[in-house]
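Remarks on the structure that follows.
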Amino acid sequence: MTDPATTPGSAQQKIDTSVPHSARIWNYWLGGKDNYPVDEEAGDAYTAVFPGIVTIARSSRAFLRRNITYLAGEQGIRQFLDIGTGLPTADNTHQVAQRIAPESRIVYVDNDPMVLAHARALLYSTSEGATAYVDANVREPERILEAASRTLDLSRPTALILSNILGHIADYDEARSVVDRLMAALPSGSFLSVNDGSRGIDPVFERAQEAYNSSGAVPYNLRTVKEITSFFDGLELVEPGVVSVQQWRPDEGAPEPQVIAEHGGLARKP
């Protein structure tokens, strides 16, 4: 177990339990317990409009698990930089990677006081590997990379994970810049994993998300499949490319994958 790297004073940020919080609502939809009645009420209000959000949340998590399994098991990746971690739940990145390769090293990044308060649950590593937590904003790529380099050897292939985080950057060009700056610092043989809510697939989902964004909660911006795909420009997409997350290399024996409004992919830096 390694100690989290945090910004001075960040751990003292107040956790407001009087208003719903996106990370806690997502945790609720995943079946977790790290949430409050206000989050359950907001989550239930959302699902009353769009019940499919629970499928999206859980399918997103399963997509990430399959990505990491492929990276650690088939590509020999032993370093993971997971930005926008969210609250700990089942099959966190280090758990999946270290089950396959105990020597794997993982750095989690988030800047949410609620996530920071639970960060130690993310830091239980195998004795052969390592985990660390960095308190930083996704809009600070250079700061993230500097802090991550204390645990990861960024001269070696590394998997960058951006799961449901780029939607929190409203400006598309800024989101592209963040991805480009992060990947530019990683060597050939590194991978980029991205998945986000997609626009143009399910109008009911879009209306529910617009209502959520106008509620005063931290907005999350859906993007078209073309925009999500463009995050991988210059990289080599792993088959089947950018698809609805249930369709990305489904587990053997899994139910027939459906097209849902959550798209993602995995690509290698040449």
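Annotation for segment 67-90: at least one member residue is modelled with pLDDT of 85 or more, over 15 Å from the mean Cα position of the chain (by Cα), at positive phi and surrounded by fewer than 17 Cβ atoms within 10 Å (Cβ to Cβ). With respect to Asp44, is the statement that it is in a helix (DSSP H, G or I) and either open to solvent by 20 Å² or more (accessible area, probe 1.4 Å) or basic (Lys, Arg) (or both) true? For Asp44, the condition - in a helix (DSSP H, G or I) and either open to solvent by 20 Å² or more (accessible area, probe 1.4 Å) or basic (Lys, Arg) (or both) - is met. Cβ-Cβ distances below 8 Å connect the following pairs, each with a first residue in segment 197-221 that is in contact (Cβ under 8 Å) with a residue 24 or more places away in the chain, a second residue that is surrounded by fewer than 20 Cβ atoms within 10 Å (Cβ to Cβ) and in a strand (DSSP E or B), and a separation of six or more residues or different chains: Ser198/Thr224; Arg199/Thr224; Gly200/Thr224.
Scanning segment 62-117 for residues that are assigned to a strand (DSSP E or B) and more than 23 Å from Ser188 (Cα to Cα) yields a total of 1.
For the subset of segment 190-218 comprising residues that are in contact with a Ser or Thr (Cβ under 9 Å, 6 or more places away or on another chain) and in a loop (DSSP other than H, G, I, E, B), which member is surrounded by the most Cβ atoms within 10 Å (Cβ to Cβ)? Filtering segment 190-218 for residues that are in contact with a Ser or Thr (Cβ under 9 Å, 6 or more places away or on another chain) and in a loop (DSSP other than H, G, I, E, B), the one surrounded by the most Cβ atoms within 10 Å (Cβ to Cβ) comes out as Ser190. Within segment 228-239, the residues that satisfy the criterion of being open to solvent by 60 Å² or more (accessible area, probe 1.4 Å) and either of a type in the set (Phe, Trp, Tyr) or not in a strand (DSSP E or B) (or both) are Asp233, Gly234, Glu239. In segment 23-41, the qualifying residues are those that are assigned to a helix (DSSP H, G or I), touching a Pro at 6+ places or on another chain (Cβ under 9 Å) and open to solvent by less than 40 Å² (accessible area, probe 1.4 Å), and the one that is nearest to Arg199 (Cα to Cα) is Asn27. When segment 118-142 is limited to residues that are without any contact (Cβ under 8 Å) to a residue 60 or more places away in the chain and not in a loop (DSSP other than H, G, I, E, B), the one that is farthest from the chain's Cα centre (by Cα) turns out to be Glu142.
The residue that is most open to solvent (accessible area, probe 1.4 Å), among those in segment 112-131 that are modelled with pLDDT under 95, closer than 15 Å to Thr93 by Cα and among the small types (Gly, Ala, Ser), is Ala121. If you go through segment 208-241, how many residues are modelled with pLDDT under 95 and either over 25 Å from Leu266 (Cβ atoms) or touching a helix residue (DSSP H, G or I) at 6+ places or on another chain (Cβ under 7 Å) (or both)? So the answer is 12.
The values are calculated or read from the model by the stated rules, or taken from the named source; none is laboratory data. In this text, all values refer to a predicted model and were calculated from it rather than measured experimentally. Methodologically, a virtual Cβ is constructed for each residue, glycine included, from the backbone with ideal geometry; neighbour enumeration extends over all protein chains shown. When the accessible area is computed, the model is the full protein with side chains, heavy atoms only, and any ligands, DNA or RNA have been set aside. Shrake-Rupley method; radii C 1.70, N 1.55, O 1.52, S 1.80 Å.
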